[in-house]
Amino acid sequence: MGVRVRFAPSPTGALHIGGIRTALYNYLFARQQGGVFILRIEDTDLARYVPGAEEYIVEALQWLGLIPDEGPGFGGAYGPYRQSERQSIYQVRVQELVATGRAYYAFDTPEELEARRLQDGTFAYNHLTRQHLRNSLTMRPEEVKRLLEKGIPHVVRLRIEPGEDIHIQDLVRGEVVFQSSELDDKVLLKADGMPTYHLANIVDDHMMQITHVIRGEEWLPSTAHHVLLYRAFGWEKTMPQFAHLPLILRPEGQGKLSKRDGARFGIPVFPLSWKGATPEESFEGFREAGFLPQATLNFMALLGWHPSDDREVFSVEELVRLFSLERVSKSGARFDYDKARWLNQRHIMATDDSTLAQYVRPLAEAKGYRADLPYLERVVALMKERVLLLTDFVEEAYYLFEPVRAYDEEGIRKKWSPVLQPILELLIEQLPHVKPFDATSVETATKAFLQEHEAKPGDVLPVLRLALMGSTKGPAVFDTMALLGPEETVQRLRRGMAYFLQSR
RNA sequence: GGCCCGUUCGUCUAGGGGUUAGGACGCAUCCCUUUCACGGAUGAAACACGGGUUCGAUUCCCGUACGGGCUACCA
């Protein structure tokens, strides 16, 4: 049977980078194995449902190119792919479990259980305590029937018997053993008639013929329950294999990465920006921060996985080829934003100019800058080795689109000297007559002119740069002049000179 | 508290009974260059601790410490 994996997020808000990494690993594994990548929406918690979250998830997957083969809106023969639309399936399945004595009704209210936990911190609903609680194991059948008929709120719990070792062969961690006596009787069906994660997950994975469950480490403890559920249903022979991924840790300090860490550390932790009801619930995304999707993917792939060689920059195709669950590490990976930006720079350098220009176009448009592709391609060619983020093209290099906003005073003090004034005046006169006004011709003409006047390029060029860009750093002077054109070049040089003169 | 998982430079990691413990990000110095960046060179920087096993442990085993996850009618 072919590999079938699923990414099963819950639409409770924006999905952070940890969730996206899970999607990526599932995707890579599916592609590599010639398998099927499924998106399933786990919207069984009505209270936590957030409108727009599902659309966000889909848009994020599309931006990254992690397109599901099956899922809501993606087709597939195993739907529906939203758990809220599969409610009747779970109802039927859970009745099977009750009928065979693998599950039971429990009438204890959330308040009653809460009170128990308050007085006994170790309280768990399990094989010991259930004998003293209000459920169909302790009540007379007639009483249970009566309550059910009266529509008294109740849940269905999995009946777990003690004295059993549950061995799990995890593809990442190896063998993990749990004792059934330590496990609590998990709720399978909630009082509102919706299934819990545990029930829906197992039923769906079985019905959708999932072969490998690749998910975060936070699920490892409940995997024992899941195995028991497969057994209860009699599905153990076709139970999927498990692979639990290490958590992504916050950049500094302790604990796993959380939504709030984005604001806390001034870094994006989401694929796309998310607009919440308040600023505190709104987050910036990798896309908006100026990351290329393939760089984002590369970064996430390396958070918890590494090939055996020393390479670190990969295309998606290479990741598909090289990925393996066996090489996923067991320990948590700290989110390293510097590394993310470096990786983005590598991918920007590896991307051709016309593609980059397409990415930069909306950014330029948003600022009201000139945004025709031919011009943008020249900008990108000049700057691609000097930027970390796509936004740098219109921010760091704003002077390629609009006049200099401010001159670097420190630079002026170091590079400018009034003795350069006469020769600069002359040069400015000459420049517009260079034909054609391209980098090579301008450079040749300028250097000849400087030699003729016995001036050193090392003295003059930095001043030209200061006038052109307002800064002592930036792209090559002659390339920039050619890009700006003769009129703009002359204008900037004159304005710069005037400014330098009075700043003395 | 209980259960489970983990621990190699600051960070991501390679490695694996005998290695000068390798690479990358970041940092520092130098070279290239009109600047920055790119590129190149160099440097500082790690096997959590204690017991075993062994001729020999960073590597295997057991403890301890530390970190993490789970312990909801959330996923």
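Need one word for the range A:256-395: rounded, prolate or oblate. Basis is the Cα gyration tensor (sqrt eigenvalues a ≥ b ≥ c); a/c below 1.5 gives rounded, then a/b vs b/c decides.
On the way: a/c = 2.56, a/b = 1.26, b/c = 2.03.
Oblate, since a/c reaches 1.5 and b/c is not below a/b.
What's the exposure ranking of A:I67, A:I428, going from fewest to most Cβ atoms within 10 Å? Write out the running numbers ahead of the final one.
On the way: A:I67 13, A:I428 18.
Ordered from fewest to most neighbouring Cβ atoms within 10 Å, A:I67, A:I428 come out as A:I67, A:I428.
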Which distance in Å, rounded to a whole number, links the C-alpha centroids of the range A:397-426 and the range A:233-273?
49
Inter-centroid distance (Cα atoms) of the range A:468-504 relative to the range A:114-180, Å:
76
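Note down the relative contact order for the range A:158-262 as a percent, whole number, built from C-alpha pairs under 8 angstrom at least six residues apart.
Details: 133 pairs, mean separation 28.1, N = 105.
Relative contact order comes out at 27 percent.
How would you rank A:F449, A:F270, going from fewest to most other Cβ atoms within 10 Å of each one's own Cβ? All intermediate terms of the calculation are to be shown ahead of the outcome.
Working: A:F449 17, A:F270 24.
In order of increasing Cβ crowding within 10 Å: A:F449, A:F270.
Using a/c under 1.5 as the rounded threshold, could you call chain A rounded, prolate or oblate? The axes a ≥ b ≥ c are square roots of the C-alpha gyration tensor eigenvalues, and prolate needs a/b larger than b/c, oblate otherwise.
Details: a/c = 3.35, a/b = 2.96, b/c = 1.13.
Prolate.
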Beta bridges by DSSP in the range A:181-299, antiparallel share as percent, to the nearest 5:
35
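What is the sum of charges around A:V98, taking Lys and Arg as +1, Asp and Glu as -1, for the other residues whose C-beta is under 12 Å from the C-beta of A:V98? Could you put the intermediate results ahead of the total?
Working: positive: A:R93, A:R102, A:R157, A:R159; negative: A:E96.
Charge balance near A:V98 sits at +3.
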Ranked list, fewest to most other Cβ atoms within 10 Å of each Cβ, for A:R93, A:R82, A:R405, A:R327
A:R405, A:R327, A:R82, A:R93
Note, ³J(HN,Hα) from phi for the range A:320-327, Karplus 6.51, -1.76, 1.60, rounded to Hz, x at Gly and Pro:
4, 6, 8, 4, 7, 5, 4, 9
What list of ³J(HN,Hα) values in whole Hz, one per residue of the range A:122-131 in order, does the Karplus curve 6.51 cos²θ - 1.76 cosθ + 1.60 (θ = phi - 60°) give from phi, with Gly and Pro shown as x?
9, 4, 9, 7, 9, 4, 7, 6, 5, 6
With just the Cα atoms defining each centre, how far is the range A:8-54 from the range A:300-369? Give it in Å.
20
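Coordinate-derived values only; no laboratory data. The structure displayed is predicted, hence computed values, not measured ones. Because the Cβ atoms are built from the backbone with ideal geometry, glycine has one as well, and the counts that use them run over all protein chains shown.
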